[in-house]
Amino acid sequence: MTVYIIDNHPLVSDTLTQLVHRVRPEQKVMSVRSIAQLESAVKDHDTVELVITELDLPDTRGVMGVQQIKKAHRQIPLVVFSDNEVMKHQCLQAGADDFVHKSTSVRDILLKLIEWLPNAADPNTPERPMIKLSKRQKQLLVMLDQGLNNEEIAQAMGIANATAKVHLWRYYKQLGVGSRLEAVNFARTHGYL
């Protein structure tokens, strides 16, 4: 499993690579400069675990890149790492799982990496106790892991969209997380998947 960093600037790529290695020393990280290079690298290497991308790349600009990556790797967490805060909402709407401004502190980026990468090491985070999940919650978890949106989850479970949102909210609250990505990472890290 490889973490891919897409950025034109070697300093940014090198820094992010070092930060990934701080939370998961054995993690394979590959830096590329464009989405085309990402696709070529994925064909030549193993599976993608996480993609961290800049918005302004040689072969795409703005949310088009987010859409292109998500289309090719729907179930893979995608994080936009950019100084273009104006694009945050559009990136999230286009399918990005998270948006991190380049001015974010190293500490906060490390915390984000721990959130994005299952089994990442954080000696300051106490272990959460095992939580007993109902059959319905386990179903929901599998669908989250498959990358289904609220409408698809509601349809698969035979419930209304609003009810699916309530189930998600309760599930997040029970796990102590705030997003789909956090919920799936928590579940993977703690053996629920």
Checklist outcome for this item: Among the residues of segment 162-193, the number that are surrounded by 13 or more Cβ atoms within 10 Å (Cβ to Cβ) and part of a helix (DSSP H, G or I) is 19
Next on the checklist: Can you confirm whether GLN93 is surrounded by fewer than 16 Cβ atoms within 10 Å (Cβ to Cβ) and within 22 Å of GLY178 (Cβ to Cβ)?
Outcome noted: yes
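Conditions (1) assigned by TED's automatic domain parsing to the domain that holds LEU144; (2) free of Cβ contacts under 8 Å to residues at least 40 places away in the same chain; (3) out of contact with any Pro (no Cβ under 8 Å at 6 or more places or on another chain), marked per residue:
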residue: GLN18; (1), (2), (3): no, yes, yes
residue: HIS21; (1), (2), (3): no, yes, yes
residue: GLN27; (1), (2), (3): no, no, yes
residue: VAL32; (1), (2), (3): no, yes, yes
residue: ALA41; (1), (2), (3): no, yes, yes
residue: VAL51; (1), (2), (3): no, no, no
residue: ARG61; (1), (2), (3): no, yes, yes
residue: MET64; (1), (2), (3): no, yes, yes
residue: ARG74; (1), (2), (3): no, no, yes
Item to check | For ARG74: the one exception among (1) in a loop (DSSP other than H, G, I, E, B); (2) touching a Gly at 6+ places or on another chain (Cβ under 9 Å); (3) buried (at least 18 other Cβ atoms within 10 Å of the Cβ) | outcome: (3)
Checklist entry - Which members of segment 170-188 meet the condition of being in contact (Cβ under 8 Å) with a residue 24 or more places away in the chain and of a type in the set (Gly, Ala, Ser)? => result GLY176, SER179, ALA183, ALA187
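The values are calculated or read from the model by the stated rules, or taken from the named source; none is laboratory data. Only a predicted model underlies this, so the values are computations on that prediction, with no experimental measurement involved. Cβ coordinates were reconstructed from backbone atoms using ideal geometry, including for glycine residues, and neighbour counts include every protein chain displayed.
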